[in-house]
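Remarks on the structure that follows.
The values are calculated or read from the model by the stated rules, or taken from the named source; none is laboratory data. As the structure is a computational prediction, the values presented were derived from the model and not from experiment. Positions of Cβ are generated from backbone atoms using ideal geometry, with glycine treated the same way; all protein chains shown enter the neighbour counts.
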Amino acid sequence: MLLSSREERPRGTVKKYIERISKMPLYGVLVNGELVSYAGSFIQLPQVWMIGGVYTHSNHRNKGYAALATSAVTEEALKHAETAALFVRSDNYPAIRVYEKNWLQENR
């Protein structure tokens, strides 16, 4: 399971994950039928959608999958809100690199 590969996250029940997923737009990348990356929006307001929960399994990083998932949820956000915002920890350099790369590509 994708989430169980992250050691710092507490493991939840399938029911808990289904409840969480059903409340938010969630975009995933499947490779050979396996979910390898995803991004979602945990708050959707007319003014702003908050994007977060972006994750890629360690075996599939640096292949552009996070960029695909993040771009998809951002595109959906901008159809429904004035802006999209994304939170990332300041020490999460790989994630920051993905988001900056996406921003640069979309603003050329």
### Task
Check Val48 against each of (1) within 14 Å of the chain's Cα centre (by Cα); (2) modelled with pLDDT of 90 or more and name the one condition it does not meet.
(1)
### Query
Looking at segment 98-107, which of the residues that are of a type outside the set (A, V, I, L, M, F, W, C) and surrounded by fewer than 17 Cβ atoms within 10 Å (Cβ to Cβ) is modelled with the highest pLDDT?
Glu100
### Task
Check every one of the strands (runs of 3 or more DSSP E) wholly within segment 23-100 and list those with 2 or more residues that are of a type outside the set (A, V, I, L, M).
26-31, 34-44, 48-56
### Query
In segment 1-16, which residue that is farther than 25 Å from Pro94 by Cα and either part of a strand (DSSP E or B) or of a type outside the set (S, T, N, Q) (or both) is modelled with the highest pLDDT?
Lys15
#### Entry: Residues of segment 62-97 that turn out to be more than 11 Å from the chain's Cα centre (by Cα) and crowded, with 17+ Cβ neighbours inside 10 Å, as a count
4
